[in-house]
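The values are calculated or read from the model by the stated rules, or taken from the named source; none is laboratory data. Note that the coordinates shown come from a computational prediction; the quantities given were computed from them, not determined experimentally. Positions of Cβ are backbone-derived with ideal geometry, glycine not excepted, and every protein chain shown enters the neighbour counts. What goes into the accessible areas is simple: the full protein's heavy atoms, side chains included, and nothing from ligands, DNA or RNA. Shrake-Rupley method; radii C 1.70, N 1.55, O 1.52, S 1.80 Å.
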Amino acid sequence: MIPQDLKQWLDIGHAKNGNMKRSTLRNIIREALEDSVKQCPAPTQNVGLNTANRDRAIQADFIKYGPLNVEEPGDYWEQIAKRWNTSVEAAKKSRCGNCVAFDISPRMLECIPGKTSEPVEDKDGILGYCWMHHFKCHSARSCNTWAAGGPINEDKVSYDWQKRNLKVALDSEPIDPSMYQDI
């Protein structure tokens, strides 16, 4: 999205009339994109949006984010181990904290507001951001879409994930529920 300030509006007007060089237009678009990529994801700034996306991830069979209470997980780990056809011990090693989409980069920790981010860490782990499902998540939890390779702990990698997820990252509306339906 290109910010609608007057100078850029006039510049785009010139582009429509054919009076602007393509390279100038490309630079305006590139600058706007770079600014967008550096914004905090909308769910980190909007509790309602974060909650809607998180609740969807809890309820969707495709995802099943949990356990709700990390100190009293009930049969969560047994269920996820069964789904993955592995042992409970192995399943417990596959947590958000080591998922490829779990973002705890310095810039993301600055995006997470409120007392939960001071210091963002508790005895069970750390609060970060999930790029797969677009909500703040805790490192001690897991979900059915867990993937090895994380966490994201560098700003450059975080910005790359945001660039690839730009529309959803900046959207102030909850994620489309149909996105989570099994194909």
Test: residue in region 63-72 that is closer than 17 Å to residue 41 by Cα and in contact with a strand residue (DSSP E or B) (Cβ under 8 Å, 6 or more places away or on another chain): no
Selected residue (criterion: modelled with the lowest pLDDT) from residues of region 95-132 that are in a loop (DSSP other than H, G, I, E, B) and open to solvent by less than 10 Å² (accessible area, probe 1.4 Å): 112
Flag for residue 159 being assigned to a strand (DSSP E or B), modelled with pLDDT of 80 or more and of a type in the set (Phe, Trp, Tyr): no
Subset of region 39-77 [free of Cβ contacts under 8 Å to residues at least 24 places away in the same chain and under 23 Å from residue 106 (Cβ atoms)]: 47
Region 85-106 residues that are touching a residue at least 12 places away in the same chain (Cβ under 8 Å) and charged (D, E, K, R), paired with ones that are assigned to a helix (DSSP H, G or I) and surrounded by fewer than 20 Cβ atoms within 10 Å (Cβ to Cβ) (beta carbon under 7 Å, 6 or more apart): 92/77
Any hit, region 167-183, residues being modelled with pLDDT of 80 or more, assigned to a helix (DSSP H, G or I) and open to solvent by 30 Å² or more (accessible area, probe 1.4 Å): no
Matching residues in region 71-87 - criterion: being of a type outside the set (Ser, Thr, Tyr) and crowded, with 17+ Cβ neighbours inside 10 Å: 73, 77, 79, 80, 81
